[in-house]
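Engineer: One structure follows; several queries about it will come next.
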Ligand SMILES: [Zn+2]
């Protein structure tokens, strides 16, 4: 059976793809991680518009877990997320500190739901800034 370092859940947003890739390279995860890319990253786990959206994303994580047995699950939310804005959860244009604080609630909720299902897998929460920074949320 395969054993990978991480299952990474990221937003689709083009502005963050290079930074996320760089982050994974720096942490020696690229090429050793499954990457699930969905609008809003944590959104459809923590605050889905429909149960089907949540089911779909949780199922994708489940496939990564059963096929590749990741050491950890990393959720990367980001500043100025259009998905969170579109559903009225977090407005766009916030500074990074405030945006991070707002995302933390949803990221922690997503972590809780994932750990209810996979309590033996570490869940790491990251907030990506437009400035290229990554902040770990705990
Ligand atoms: Zn986004």
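The values are calculated or read from the model by the stated rules, or taken from the named source; none is laboratory data. As the structure is a computational prediction, the values presented were derived from the model and not from experiment. Heads up, the Cβs are rebuilt from the backbone with ideal geometry, glycines too, and the neighbour counts pull from every protein chain shown.
Engineer: Right, residue 130: surrounded by 13 or more Cβ atoms within 10 Å (Cβ to Cβ), at pLDDT 95 or above and more than 15 Å from the chain's Cα centre (by Cα) or not? Steps first, answer last, please.
Structural biologist: Values: surrounded by 13 or more Cβ atoms within 10 Å (Cβ to Cβ): yes; at pLDDT 95 or above: yes; more than 15 Å from the chain's Cα centre (by Cα): yes.
When the stated conditions are applied, residue 130 passes them.
Engineer: While we're here: Please verify whether segment 100-107 includes one or more residues that are within 14 Å of the ligand (Cβ to nearest atom), under 15 Å from the mean Cα position of the chain (by Cα), over 20 Å from residue 20 (Cα atoms) and without any contact (Cβ under 8 Å) to a residue 60 or more places away in the chain.
Structural biologist: Looking for residues that are within 14 Å of the ligand (Cβ to nearest atom), under 15 Å from the mean Cα position of the chain (by Cα), over 20 Å from residue 20 (Cα atoms) and without any contact (Cβ under 8 Å) to a residue 60 or more places away in the chain, one finds at least one in segment 100-107, hence yes.
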